[in-house]
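Everything below concerns the one structure shown next.
What follows is calculated from the coordinates using simple rules that are stated; it is not laboratory data. Owing to the predicted nature of the structure, the values given are computational and were not obtained by experimental measurement. Don't worry about glycine lacking a Cβ; one is built from the backbone with ideal geometry, like all the others, and counts go over all protein chains shown.
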Amino acid sequence: MNKVIVYIGLGSNLATPEAQIRAARQAINALNAAQETAFSSLYRSPPMGPQDQPDYVNAVMAVETDLSAIELLRCLQKIELDHGRVRKNERWGARTLDLDILLYGQQVINLPDLIVPHYGLAKRAFVLYPLQEIAPSLQLPGLGDISALVQLCPLDGLVRLT
């Protein structure tokens, strides 16, 4: 299989979120089949959904991999579990670590376990701004130019930390 550039969203709002993001970055880099090509600044954002939870720390990472999208998803889910992620039926709840495949090359994927481009990507400041930081001329399949999407997306409380 040919190598593909994949963009991964990282988020945490429990158990020292900045440390969780750094540890997840190391764990992804430790995968034999993934090589980091870029990593955004860290950003703080208010939570989606229930507001009675701490703010999130988010980042976006680009990796080059020859793993299939599903193989990569399973690796990311294992990293989440290794970092104390508890999967609940509640959407947008607090979590130690959330790793999402945002883009897998220019592929559009619609499987029961994986939708790429990630649903909601075009409307989420905590994804778009760090994504634009590391890939300012990116074209998102079916969504268009990253710069145009960022211009249409208000910051919604997003703050760049580092």
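Summary of values
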item: Viscosity 1.002 mPa s, temperature 20 °C, Stokes-Einstein D of region 1-59 from Kirkwood C-alpha radius, µm²/s; result: 167 µm²/s
item: Listed residues 101, 134, 21, most fluctuating in the chain (Gaussian network, C-alpha, under 10 Å); result: 134
item: Extension gain, residue 78 back to residue 155 (0.36 nm per residue minus Cα-Cα distance, nm); result: 24.6 nm
item: Ascending count of other beta-carbon atoms within 10 Å, so fewest first, for 61, 48; result: 48, 61
item: Placed amide H near residue 140: partners under 5 Å, 5+ positions off or other chain; result: 145, 146
item: Inter-site label distance for residue 36 and residue 106 at 7 Å from Cα along Cβ, in nm; result: 2.8 nm
item: For the chain, radius of gyration divided by Kirkwood radius, i.e. Rg to Rh on alpha-carbons; result: 0.93
item: Within a Gaussian network of the chain (alpha carbon springs, distance under 10 Å), most fluctuating of 13, 58, 29; result: 29
item: Length-normalised contact order of the chain in % [C-alpha pairs under 8 Å, at least 6 apart]; result: 30 percent
item: Sequence-distant residues sharing a close amide H with residue 109 (under 5 Å, placed H); result: 116
item: Gain upon complete extension [residue 15, residue 64; 0.36 nm per residue less C-alpha separation]; result: 14.8 nm
